[in-house]
Amino acid sequence: MISPKDSRIVCSTSLQDILNSDFFGLEQEESLKRVYASVRAVAVGGRNAAWFVEHPLFSGVLRHYRRGGLIAKLIKQSYWWLGAEKTRAWEEFKVMQYLANHHFPVPTPLAAMYVRQGFFYKAALLTATIPNAKTLVEYLRSLKEQDYPDLAIKVAQSIHQMHRLNVNHADLNAFNILLDEQARVYIIDFDKARIELAQGQWCWDNINRLERHLQKVLGEQGQTFMVYIRQNLNKS
C-alpha cells in the first residue's frame with residue numbers, strides 16, 4: 001500500500017515503486033501528460049473519463065469513476081465515503097484480482113486509487129491493455145451467420161466460467177466482451193460486480209441484460225447470435 005496524504009493506491013508489486021497520484025489524474029487530469037508518453041481517450045464507453053495510456057513499463061487503460069443518470073447532472077465524480085474497502089475502485093480491483101487468480105481472462109488489474117475529501121471520495125482504476133482487441137459488437141459485424149456457432153461457444157463458455165466462480169457482472173453487455181487477435185474472449189468492466197455465495201437467478205439476469213443490449217445495438221443480428229449463446233448455455 002502507498003498512502004500519500006488523504007489518498008491511497010493499491011497496485012501490483014511490479015509497479016509499487018513508480019506509481020504516484022500523477023498516474024491517475026484524479027485531482028488534475030493534466031498530470032497524466034507528465035507521466036505517460038501517450039494519452040488517448042477511449043472512444044466507446046467510459047463516460048468520457050477513460051483513456052488508453054502508454055508508459056515504458058506498461059500499456060494500460062485508465063478509468064475515472066463517473067456517475068450516470070440524472071444524479072450525474074449534480075454530482076459527476078464524487079461518491080459517499082464508506083471506507084477504503086467499499087470504494088468502487090477497491091471493490092472492482094479485488095474482483096478482477098480474484099478472477100485473474102482463477103485464470104479467468106480479464107485485463108490484468110494494475111492499480112486502483114481513491115482520493116478522499118471529507119465525506120466523499122473520487123476513484124480511478126488502471127488495467128492492462130488487451131492489444132488490438134475488438135468489442136463483441138465490432139467482431140459480429142465482420143462475421144457471417146455461418147460463423148456464429150463457433151464464436152457463441154467461446155462467449156457462452158466464458159460467461160459460464162465467470163458464473164461458476166460466482167461473479168455477478170452488474171453490466172454484462174456486448175461492449176464489455178472483447179476478443180483479442182486470437183479470438184480469445186475477455187470480459188471487462190467489473191464496476192459494481194459482486195462475488196456471490198452461490199449461483200442463482202442473478203446468472204440469468206446477466207444473460208438477459210446481454211440479450212437486451214445485443215438487440216438494441218445489432219437488432220436481428222444480435223438476436224440471432226443470442227439464440228446460439230443460449231443453446232450453449234443450456235448445455236452447460
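Each value in this text was obtained by applying a stated rule to the coordinates, not by laboratory testing. None of the values given here were measured: they were computed from a predicted structure. All Cβ positions, glycine included, derive from the backbone under ideal geometry; neighbour counts span all protein chains shown.
Binning the alpha carbon pair distances of region 134-235 at 10 angstrom intervals from zero yields the distribution 16, 54, 28, 3, expressed in whole percent. Between Ser158, Ser14, Ser38, the GNM of the chain built on Cα springs shorter than 10 angstrom shows Ser14 fluctuating the most. Calculated FRET efficiency, Arg184 to Asp205, Cβ-Cβ distance, R0 = 25 Å: about 0.45 to the nearest 0.05. Once C-alpha pairs closer than 8 Å and six or more residues apart are averaged by separation and normalised to the residue number of region 86-236, the relative contact order reads 26 percent. By the count of other C-beta atoms within 10 Å, a proxy for reagent exposure, His102, His169, His163 are ordered fewest to most as His102, His163, His169.
Report summary: the helix-based calculation at 222 nm, which adds -39500 (n - 2.57) for every DSSP H run with n ≥ 4 and divides by the residues of the chain, gives -10000 deg cm²/dmol.
With each label modelled as a point 7 angstrom along the Cα→C-beta vector, the Asp6-His103 pair spans 4.6 nm. Which entries of Lys94/Lys192; Lys154/Lys235; Lys94/Lys122; Lys33/Lys86; Lys154/Lys192 show an alpha-carbon separation above 20 angstrom in the structure shown? Distance filter (> 20 Å) returns Lys33/Lys86; Lys154/Lys192. Using only Cα coordinates, the Kirkwood hydrodynamic radius of region 70-200 works out to 16.3 Å. Placing R0 at 30 angstrom, the Cβ-Cβ distance between Asp22 and Ala43 gives a FRET efficiency of 0.80 after rounding to 0.05. With the convex hull drawn around the C-alpha atoms of the chain, the volume per residue stands at 137 Å³.
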